[in-house]
Each structure stands twice: as C-alpha cells, then as structure tokens.
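Notes to accompany the following structure.
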Amino acid sequence: MSDLLDCRQGLPALPPALRERLGDADEVLVLTGAGVSAESGIATFRAALSGLWARFDPAQLATAEAFREDPARVWSWYEWRRAQVLRAEPNPAHRALADWAERPGRLHLVTQNVDDLHERAGSRRVIHLHGSLHAPRCFDCARPLDTPPLPDAEEQLVAPPRCPACGGLARPGVVWFGESLPEDALATAWALAERCDLCLVVGTSGLVQPAASLPEVARQQGATIVRIDPQPAADFSGDWQLLGVAGVILPALLEQL
Ligand code: OAD
C-alpha cells in the first residue's frame, strides 16, 4: 500500500522519510506520460472527455492497417498533433526535470510522449519509448525522412510525402498499436529500472505495456517509487503517491530537496 500525499493545494512539507529518499537518491529514473505535457495544452489520451482516445478511434489512426487503408487520414492526424506541439511551450514540470538533472547524482528521463517538450526544456538524452512526432520515416524501407512543412490549414487532409530513396510513403515515427518499441530505447530503460534507487512516475495512467512495467522492475530491485498524478491509482504498488499536477509538484519538490 502506498502513502497518499494530497498536493492539490500545493506541496505540503514533505514527510521526513520521503524527503530523505528523494534527497539521497544517486540514480533517479523518471518515467513520464502524457500528463507531464497536459499543462502545456497537449491533450492526454484517456481523460474521459478531452482525451485523444475519447475523441478519436485508435484503430483508425494508430495502427499499420489504418495507414495502409488511408495513409492521408493517418498522416494528417499526426501532422495536426505535430503542429499543436510546435505551438506549445514546455511547462514548469518539464523545466523542473531538466533542472533536477543538474543536481548531484544522475537523473535519466524515459518518456512515453512523442512530443519534444522535455528536450525544449533542456533535458538531454531523453529516451523515447514510443517514438517521436518529429522523426518520420519511410513506411517501406524505414529510412529516416525530413519533416515536411506543415500545411497552412491545420485540419487539411494531406498525403504523406514520398521517400526519395524508394518512393515509399512517409509514416510518422511513432509506435503504433501492435508494433514493438524501439529495441535500444526499451533495453536502456529496462537496464535503468534495474539499477535506479528512485523511480518517479509522472503523469501516466500506467495502462500501456511494456512501459507500465518499468516502475515494478525498479521496485523489485529495492528502489523507492513515487507517483505524481492528480488521480490516485488503486493498484499502485509503489511507496508514495503525490496527488496533484506535475507543474506544481515537481518544481516545489525540487525546492524542498
Ligand atoms: P494517459 O492519457 O493514459 O494518462 C495520462 C495520465 O496523466 C493520467 O493518469 C492523468 O490523471 C495524468 N495527468 C493529467 N494531467 C496531469 C498533470 N497536469 N500532471 C500530472 N499528471 C496528469 O497517457 P499515458 O499514460 O501517457 O501510446 O498513455 C500511455 C500511452 O498510451 C501513450 O504513450 C500512447 C497511448 O496510446 C502511444 O502513442 C504508443
């Protein structure tokens, strides 16, 4: 059973045990999900009304079959999301994680997000488990391709560009349902989970595997697991849940360390 700390009105003084674990950690693994970008205005996936998967059907947009069936529909949807991300700015949660990496010890950032807001906040060597909106590749030969200019009208349906090498269609560089995660990213994240002494889980529902297993891997090796999210998770097996938004909690945590 984890301890709950209500941070919805701001971060209270930390219980000494938690403060000690946070302050003493040498090797910190942070796993982020869509919630860390929510305060930048980027929709999460599973919010009941505003979530992307409440408004759009993943079977029509986030599978290789959907792309084969209607490449323009799938491509245009990801380009629409890329345009939103380009307009967005990193929020205090992204910035606090970038600042945290400057503290003594090591902080490794693993994200399920396909935006680049961690990088734009100053984080380096971010491990992207689910790929990136900014790294299209050829659907046929997998060659990395340049991102094309965005269409003027945002909702416009556009055909994906062609690969200059083989003529195949460009596809978004994200992981679709039914696809494997990038091998290097997953192996690195797993190794980090096996050796970290603190794992912060920020803004993820923890419903998508294998990313959702990383905190459990860390816990089994004896790491302290701290979850930061406005919604409590009944099945969370870590040590602490800090209930509130990441853009408030992370900067305040950093101040208290
Ligand atoms: P979800 O939409 O499933 O979960 C977002 C989480 O963020 C929820 O637990 C929210 O309560 C929480 N949240 C919302 N606002 C927050 C805030 N301001 N601060 C902190 N937390 C907040 O998104 P993910 O868990 O990231 O996969 O979803 C995992 C994967 O499912 C995504 O990477 C995507 C999707 O299908 C791919 O695209 C491959």
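Quick look at the numbers
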| quantity | calculated |
| --- | --- |
| Computed Kirkwood radius, in angstrom, where 1/r is averaged over Cα pairs of the stretch 134-257 | 17.7 Å |
| Estimated 222 nm signal from helices in the chain, with DSSP H stretches of n ≥ 4 weighted -39500 (n - 2.57), rounded to 500 | -9000 deg cm²/dmol |
| Convex hull projection area averaged over all views, the stretch 1-144, Cα basis, nm² | 11.2 nm² |
| Where N is the number of residues in the stretch 70-117, Cα Rg divided by 2.2 N^0.38 Å | 1.57 |
| Burial order of peptide ranges 29-37, 164-172 (average beta-carbon count within 10 Å, highest first) | 29-37, 164-172 |
| The chain - Debye-derived log10 I(q)/I(0), Cα point model, q = 0.10, 0.11, 0.14, 0.15 Å⁻¹ | -0.50, -0.61, -0.94, -1.06 |
| Binned Cα-Cα distances of the stretch 145-186, short to long, each 5 Å bin given as a whole percent | 5, 17, 19, 19, 21, 13, 5, 1 |
| q = 0.13, 0.18, 0.27, 0.31 Å⁻¹: log10 I(q)/I(0) that the Debye formula gives for the stretch 27-80, counting C-alpha atoms only | -0.42, -0.70, -1.04, -1.13 |
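Any read-out appearing in this document is the output of simple, stated calculations on the displayed coordinates, not a laboratory observation. All figures in this text were calculated on a predicted structure; none of them were measured in a lab. Cβ atoms come from the backbone with ideal geometry, glycine included; neighbour counts cover every protein chain shown.
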